[in-house]
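The values are calculated or read from the model by the stated rules, or taken from the named source; none is laboratory data. Since this is a predicted model, take the numbers as computed values, not measurements. Here the Cβ positions follow ideal geometry from the backbone for every residue, glycine too, while neighbour counts run over all protein chains shown.
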Amino acid sequence: MKSKIYLETTIISYCVARPSRDLITAAHQQITQEWWEDQKQYFDLYVSELVLQESQMGDAQAIQRRLELLASFPLLQLTEDAARLAQALLNAKAVPMKAVGDALHVAIATVNGMDYLLTWNMKHIANAMVRNAINVVCRTYGYEPPIICTPEELLETGEINDVEG
């Protein structure tokens, strides 16, 4: 059985964006595109209504490329349980109040039982201090949180499945 990944909006954006002039962003784009080509087939990929909404912002051509990419993925809904968990993440300051969307991404992935949340959002999601706080809140509310990581951290080698199976 394949692991389930929730794709946060930065992943979709980096897959189809024109190369950035910023060296770090350009490196993240390249890593994402390589992961997309070489690794995505090893996983079941999901997005949410929120990813769809966020992908409709900005340059018209970029929006079109993002929406074309998103068209093939199952769409996870924002449920009442996810909204409650997102509010708990904000109340506990695991995610800052100004980052409601980020709390919703985490909550949607968690409530829907995703194995991984793939993101380049290092400020409010894929940050060691934030991850720990997110995990504590999710477990307090009875959920097992997904592993939050970047494409660089998530490489399927086949060896992992051999150990588990």
Item to check | ASN112 being surrounded by fewer than 20 Cβ atoms within 10 Å (Cβ to Cβ), farther than 15 Å from THR9 by Cβ and either out of contact with any strand residue (DSSP E or B) (no Cβ under 6 Å at 6 or more places or on another chain) or among the charged types (D, E, K, R) (or both) | outcome: no
Checklist outcome for this item: Checking ILE134, ILE147 in turn, the sole residue that is within 12 Å of the chain's Cα centre (by Cα) and surrounded by 15 or more Cβ atoms within 10 Å (Cβ to Cβ) turns out to be ILE147
Next on the checklist: Just to be sure I understand the filter: pairs with C-beta atoms under 7 Å, separated by 6 or more residues or on different chains, first member in the stretch 128-157 and under 14 Å from ALA88 (Cα atoms), second member polar (S, T, N, Q). Which pairs pass?
Outcome noted: CYS138/THR110; TYR143/THR110; PRO145/THR110; PRO145/ASN135
Checklist entry - Do the conditions hold for LEU85, that is, is it crowded, with 16+ Cβ neighbours inside 10 Å, closer than 21 Å to GLU144 by Cβ and either in contact (Cβ under 8 Å) with a residue 12 or more places away in the chain or among the acidic types (Asp, Glu) (or both)? => result yes
Checklist entry - So is GLU8 surrounded by fewer than 19 Cβ atoms within 10 Å (Cβ to Cβ) and either in contact (Cβ under 8 Å) with a residue 12 or more places away in the chain or on the phi < 0 side of the Ramachandran plot (or both) or not? => result no
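Yes/no per residue for (1) of a type in the set (Asp, Glu); (2) out of contact with any Asp or Glu (no Cβ under 9 Å at 6 or more places or on another chain); (3) within 30 Å of ARG18 (Cβ to Cβ):
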| position | (1), (2), (3) |
| --- | --- |
| LEU67 | no, yes, yes |
| LEU90 | no, yes, no |
| ALA94 | no, yes, no |
| ILE108 | no, no, yes |
| HIS124 | no, no, yes |
| ALA128 | no, yes, no |
| CYS138 | no, no, no |
| GLU144 | yes, yes, no |
Checklist entry - Can ASP162 be described as modelled with pLDDT of 95 or more, under 23 Å from GLU37 (Cα atoms) and of a type outside the set (Ser, Thr, Tyr)? => result no
Next on the checklist: Could you tell me how many of the residues in the stretch 40-78 are under 15 Å from LYS4 (Cα atoms) and surrounded by 16 or more Cβ atoms within 10 Å (Cβ to Cβ)?
Outcome noted: 9
Checklist entry - Considering only helices (runs of 4 or more DSSP H) fully contained in the stretch 32-125, which possess at least 1 residues that are under 26 Å from THR140 (Cβ atoms) and not charged (D, E, K, R)? => result 49-54, 80-91, 100-111
